[in-house]
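**Student:** There's a structure below that I have some questions on.
The values are calculated or read from the model by the stated rules, or taken from the named source; none is laboratory data. From a predicted model like this one, the values you see are computed outputs, not experimental measurements. Counting neighbours? That spans all protein chains shown, and the Cβs are built from the backbone with ideal geometry, glycine included. Side chains are part of the model used for accessible areas, which takes the heavy atoms of the whole protein and leaves out ligands, DNA and RNA. Shrake-Rupley method; radii C 1.70, N 1.55, O 1.52, S 1.80 Å.
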Amino acid sequence: MRHRASRARGFVAAALLCAGLASLPVAAQSRPPGPRLEGFWSSWLEEIEPLLTEEERLYFAILESDWARERFVEAFWKSRGDEALERWRRNGEDARRLRSRSRARERTVRLAGKPGSIRVIQRCGPLRRLEIWEWEPWHLRLQNGDSAEPHYLIFVEKTTLKMSSFEPWVPGDVAGLVRGAGSYDTVESVIEALDGEDCLGGDVLSRLGSALEEAISFDELRRLTRWPEVDSGWLESLARPAAEAHGLAADLRLRFPGAFTRYTILHAEIDVPVERLSQLLPGQVFDRVIITGDVFHNGRLADAFEIVHHVAGTAPGERVVLDLYRRLLPGPNRLHLRVADRYGFALLREDLELDVPEMDQPAPEPAGYSEGLSRLTRSDLVQLNTFPSVELLPAMMNAGGRMVVRAITAGGPIAAVEFRLAGASAGVDDEPPYTLDLEPVDAATRLTALALDPARRPLAGDERTLEPPNLPFNVRFGVVDPATTNAPVEVSLPHGARVERLECRHGRRLVDTSSAPPWQCPLPGASAGVAYVTARVLLESGDAQEDVMFLGPRTPEKVEVQLAELYLSVLGRGGRPARGLRLDDVRVWEAGAERAVVRLEPVDEVPLNIAVLMDISSSMGRSLRVAADSAQDFFERVLRPGDLASLLAFNHDLHRLTPFTGDSEALRYGATGLKAWGATRLHDAVAYALFQFSGLTSRRALIVLSDGSDVGSDFPLEQVEQFAVRAGVAVYTISLGRVEEVGAEGLAGLAAASGGRSFRVDRAGQLPETYRRIEAELRAQYLLVYQPAEPVGVELLPVEVEVLREGYRAREVRRSY
């Protein structure tokens, strides 16, 4: 390793000689590059400085093109590894949320993560204004460090004229703590001078003295956080020639759709490869892309912008398209554009000369965005992009002998679905659930569904071949031969359907699976004490049916049913979750008709996937600290082995603080140090949170905490409710404080539609008890299995559950076929 490092130093020295820079003094060589980086690269160097080696810094100084610097950045992080890169990204987001105008503070968070607490010591006597940052041992463990003791870093305000003047204090620098001249030669002498001042209490003074005594330097904090140490041998790979590439991974298309007041609208479409975006499952994107740029008109800066695109949903192909709208003055313009992924790696970098035409025709308003072009051309903008999609479900026959087809949609903006039969329009449905009712076809016929935007333009489509009516999908036990130990399972399939597997259960216990005929389930012995056997058949399409055979004292009793399952929350006296319910304690009505209840069992041991979505907008104010502490306590209490939890936050932006994890310390860290600022983009935030449940099975719940009504969302509440129902996520909403009635009603409606529950609390101090009530309810749920209506329909049928015990009630739930 020593040999490689010396080779790298020799290579850098040779490169500097060729560039005429080797004769510069050491101080000049260490200084960040000058204005030719136009500010972006100077900022990047300042942020990354704690991790750069001297050889890397010198090599970067000789790079002449933006493309070469982008190549350097990717190679730099490749040499450090994925874990370090992810840590830097997470810390960078925390630094941005710090909303500090001090680069020293931001650099510290990027290096060591956010501290557990920040104590402010106001100016007092000779003492400058201080901030005491404390990292507890578990904070440092999450940052790849290992410490048994808390650590303190102290920031000192250098001048009262600038909030950005805070710098880390160097332990022992007594002069740096005080203002003006004074005879202070030790920290103890400063504390003694403050002892007679009224501006600091005794407890504060004692804590200050301890912190000053135990404080560490910035360099010591850097050592404790243990970032990977690498030699600079990787620089040799950059020395090999590489073709210049200006477009990088993304592609760009530009057009001018029309005028907007005295400006001309520029519409840029940016094609980003799906492979460069984070995916929860193959094709299930959950990521963000940042577009930054400057526009110069006649040599003067006319526009500077940063657009953040949150991207979620099923990608329509191998590339996704992101929109950029700007208002440009007619005439010669120069556009500097950079598109980056979540790690800051460039997807596209362009420097374009544009001859912008003067136009009379007004530019059309893009569909599906609140405030249209007025909002889309702002300097700072956050957009939620959910890919529009439409899927045709298998056709079903209703009781009248007609064929019914249903289309489900996701993303937006979708205003209607048009159905086309053999190429001809068969109808347009403007409201979900989008359905088509038609006579049965006589021969195989192509059916197309087109998702339409508000301007009736197609956004997405799906096709399915309708076949003449044939056998429905059905599963039933056959006649059992007393001489065998297996029960035959009869399976009828629609045209083209294929069985993925058969699951056999004795009671709740899975005892056998098979993926090929003969379809049969083993019977338990007479002494096994099993009350029933279940056969469940799953198709490759995802559809499933099951049949139940109850076991009597002598022979099995075959019950030919299709069963429906739902999770049920039952409340007892005082609104407390009910426990100990039996099968004969409940009755079920579906669409007004009573249905047979087959099974009722507690599910407290079934794994739970839960996310908390917190409002961090300005109106939260001091309540945010209590709300964050309550969420931390909730995670620590509720998580059991096998459970997963996630923490998200929202204001005008959308923040995924902690992805799904079973680590309560990581969740606790995510809720640390949050600040209240910005507007309340509630509906978009709930839709964003629901998308991250993709790929998670078992019970799913989302807790939404907000103190305000929605401001500026692109998604209407009705569409968010559809997302929740389709995702199978129970939403629990908490309205904090004096929420406007329309906002509180909207949250309550969202909870009711998804099978969750809504709460209203007057003050943040009531949140811990509210979280405890939600936890108790989630742990006291039941799995209710009943016989649904036949024939199967396509509507969302209301399901009512009656609990026969006095004072007990079950919340109304809905079941979708």
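**Student:** Looking at R87, R119, R107, R96, which is the one that is over 22 Å from S617 (Cα atoms), assigned to a helix (DSSP H, G or I) and open to solvent by 60 Å² or more (accessible area, probe 1.4 Å)? Walk me through it before giving the result.
**Tutor:** Details: R87 fails: open to solvent by 60 Å² or more (accessible area, probe 1.4 Å); R119 fails: assigned to a helix (DSSP H, G or I); R96 fails: over 22 Å from S617 (Cα atoms).
None of the other options fit; the residue is R107.
**Student:** Would the stretch 395-410 turn up any residue that is modelled with pLDDT of 90 or more and not small (G, A, S)? Walk me through it before giving the result.
**Tutor:** Kept after step one, since they are modelled with pLDDT of 90 or more, are these residues of the stretch 395-410: none.
Among the residues of the stretch 395-410, not one is modelled with pLDDT of 90 or more and not small (G, A, S), which makes the answer no.
**Student:** For the stretch 697-742, how many residues meet the condition of being open to solvent by 10 Å² or more (accessible area, probe 1.4 Å) and part of a helix (DSSP H, G or I)?
**Tutor:** Qualifying residue count, the stretch 697-742: 11.
**Student:** Further, regarding this structure: For the stretch 191-238, what are the residues that are β-branched (V, I, T), under 35 Å from the mean Cα position of the chain (by Cα) and in a loop (DSSP other than H, G, I, E, B)?
**Tutor:** Within the stretch 191-238, just V230 meets the criteria.
**Student:** State which residue is surrounded by the fewest Cβ atoms within 10 Å (Cβ to Cβ) when the search covers only the stretch 198-212 and only residues that are closer than 21 Å to L153 by Cβ and of a type in the set (A, V, I, L, M, F, W, C).
**Tutor:** V204
**Student:** While we're on this one: Could you list, in sequence order, the residues of the stretch 503-554 that are of a type in the set (D, E) and in contact with a Pro (Cβ under 9 Å, 6 or more places away or on another chain)?
**Tutor:** In the first step, residues of the stretch 503-554 are kept if they are of a type in the set (D, E); the result is 503, 512, 540, 543, 546-547.
Those that are of a type in the set (D, E) and in contact with a Pro (Cβ under 9 Å, 6 or more places away or on another chain): D512, D543.
**Student:** Here are E790, E769, E777: which of them is of a type in the set (D, E), part of a helix (DSSP H, G or I) and either at pLDDT 85 or above or out of contact with any Ser or Thr (no Cβ under 8 Å at 6 or more places or on another chain) (or both)?
**Tutor:** Of the residues listed, the single one that is of a type in the set (D, E), part of a helix (DSSP H, G or I) and either at pLDDT 85 or above or out of contact with any Ser or Thr (no Cβ under 8 Å at 6 or more places or on another chain) (or both) is E769.
**Student:** Among the residues in the stretch 395-407, are any open to solvent by 40 Å² or more (accessible area, probe 1.4 Å), assigned to a strand (DSSP E or B) and without any contact (Cβ under 8 Å) to a residue 12 or more places away in the chain?
**Tutor:** No, because not a single residue in the stretch 395-407 is open to solvent by 40 Å² or more (accessible area, probe 1.4 Å), assigned to a strand (DSSP E or B) and without any contact (Cβ under 8 Å) to a residue 12 or more places away in the chain.
**Student:** Check A487, A449 and return the single one that is touching a Gly at 6+ places or on another chain (Cβ under 8 Å), farther than 30 Å from H683 by Cα, in contact (Cβ under 8 Å) with a residue 24 or more places away in the chain and not hydroxyl-bearing (S, T, Y).
**Tutor:** On inspection, the qualifying residue turns out to be A487.
**Student:** Now for a different question. Could you tell me which residue of the stretch 451-460 is nearest to A395 (Cα to Cα), considering only residues that are of a type in the set (A, V, I, L, M, F, W, C) and under 28 Å from the mean Cα position of the chain (by Cα)?
**Tutor:** Only one residue fits best here, namely A451.
**Student:** Checking the structure you have, find out if any residue of the stretch 31-41 is at pLDDT below 90, open to solvent by less than 70 Å² (accessible area, probe 1.4 Å) and in a helix (DSSP H, G or I). Step through it out loud before you land on a result.
**Tutor:** Pass one, the stretch 31-41, residues at pLDDT below 90: 31-41.
If we keep only those that are open to solvent by less than 70 Å² (accessible area, probe 1.4 Å) as well, we get 33-34, 37, 39, 41.
Subset that is in a helix (DSSP H, G or I): 37, 41.
Yes - at least one qualifying residue is present in the stretch 31-41.
**Student:** Can you tell me which residues in the stretch 650-680 are outside any strand (DSSP E or B) and among the aliphatic types (A, V, I, L, M)?
**Tutor:** Residues satisfying the conditions are A666, L667, A671, L674, A676, A679.
**Student:** Still on this model: Scan the stretch 637-649 and tell me whether some residue there is without any contact (Cβ under 8 Å) to a residue 40 or more places away in the chain, farther than 21 Å from A95 by Cα, in a helix (DSSP H, G or I) and open to solvent by 20 Å² or more (accessible area, probe 1.4 Å).
**Tutor:** Checked the stretch 637-649: no residue is without any contact (Cβ under 8 Å) to a residue 40 or more places away in the chain, farther than 21 Å from A95 by Cα, in a helix (DSSP H, G or I) and open to solvent by 20 Å² or more (accessible area, probe 1.4 Å).
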